[in-house]
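What follows is a single structure, written as structure tokens, with notes after it.
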Amino acid sequence: MAITFDDGPSGKYNAKFLDVLARNKAHATFFMVGTMMNSCQKCVLDTYKSGNEVASHTYNHMNMKKNSIQDVNESIKKTDDLFYQITGDHIKYVRPPYGAYSKENLENVSYPLILWNLDTEDWRYHDVDHIVNYVMENISDGDIILMHELYETSLQALEILLPKLYAEGYQIVSIGELAELQGKNLQSGHAYRAMKS
């Protein structure tokens with residue numbers, strides 16, 4: 001299963017999330033917003049170097065469904081250019097903010113779109129027990145969990161969740177690793193909510 005973190009990087013919490021993941025020998029995918037990447041370039045590099053995955057959440061948290069294809073692609077390219085400038089590598093996946101995308105986006109964005117099938121709603125509740133219980137009650141093989149990098153409660157929930165998930169026999173991996181484990185070749189023109197084998 002994959003845990004994903006949106007809307008970062010957070011100068012305040014990024015290093016703490018990376019530390020919890022490292023101590024638990026887990027990897028995650030961070031869907032970062034370009035403007036946030038720009039304001040904490042060290043966060044981007046640290047996340048990348050730590051073996052976690054950095055992916056795009058557009059440059060300014062754009063609703064892809066409501067914008068022109070040109071604007072959408074410019075926003076994604078701007079984020080990838082910044083990522084390349086910081087790491088020397090390219091982004092492989094895009095997550096549409098709000099989970100909003102159109103058929104036209106699928107046809108014209110040259111990246112696989114990564115959604116989720118378990119939403120902790122951590123931004124709404126700010127409640128550690130709610131996050132932990134929701135995940136443990138609903139988790140199954142191949143799931144993609146949505147969390148955010150901006151909240152201390154999400155960080156605390158991650159600390160509790162990782163050992164619990166391991167005890168249940170799960171591997172906690174990045175989107176790219178999950179695709180590989182499940183034998184999926186992620187392609188542009190497709191949106192993925194989960195990766196069931």
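Quick notes
- Across region 182-192, coupling constants 3J(HN,Hα) worked out from phi with the 6.51/-1.76/1.60 Karplus curve, θ = phi - 60°, read 8, x, 9, 9, 6, 10, 5, x, 10, 10, 10 Hz, and Gly and Pro carry x.
- Cα-Cα over 28 Å, subset of Lys12/Lys77; Lys77/Lys196; Lys16/Lys65: Lys77/Lys196; Lys16/Lys65
- Square roots of five times the Cα gyration tensor eigenvalues for region 88-150, Å: 27, 13, 12
- Set of lysines with alpha-carbon distance to Lys164 below 16 Å, sequence-local pairs under 8 removed: Lys25
- Shape call, region 92-197: gyration tensor on alpha carbons, a/c limit 1.5: oblate
- Based on the convex hull around the alpha carbon atoms, region 16-116 presents an average projected area of 6.2 nm².
- Using distinct alpha-carbon pairs, which all enter the 1/r mean, Kirkwood radius of the chain in Å: 16.6
- Alpha-carbon Rg/Rh ratio, for region 1-57, with Rh computed the Kirkwood way: 0.92
- Counting only alpha carbon atoms, the long axis of helix 152-167 and the longest principal axis of the chain meet at about 60°.
- Between helix 128-138 and the chain: long-axis angle, C-alpha atoms, 0 to 90°, nearest 10: 90
- Around the Cα centre of region 64-197, unit charges on the Cβ atoms of Lys, Arg, Asp and Glu (plus for the first two, minus for the last two) sum to a dipole of about 540 debye.
- Sparse packing (at most 13 other Cβ atoms within 10 Å of the Cβ) combined with a DSSP loop state is found for the following GluC sites (Glu not before Pro) in region 112-183: Glu168.
Read-outs: derived from the displayed coordinates by stated rules, not from any lab. Being a predicted model, the structure only gives us computed values, none of them experimental. Glycine gets a Cβ as well: all are built from the backbone with ideal geometry, and neighbour counts include every protein chain shown.
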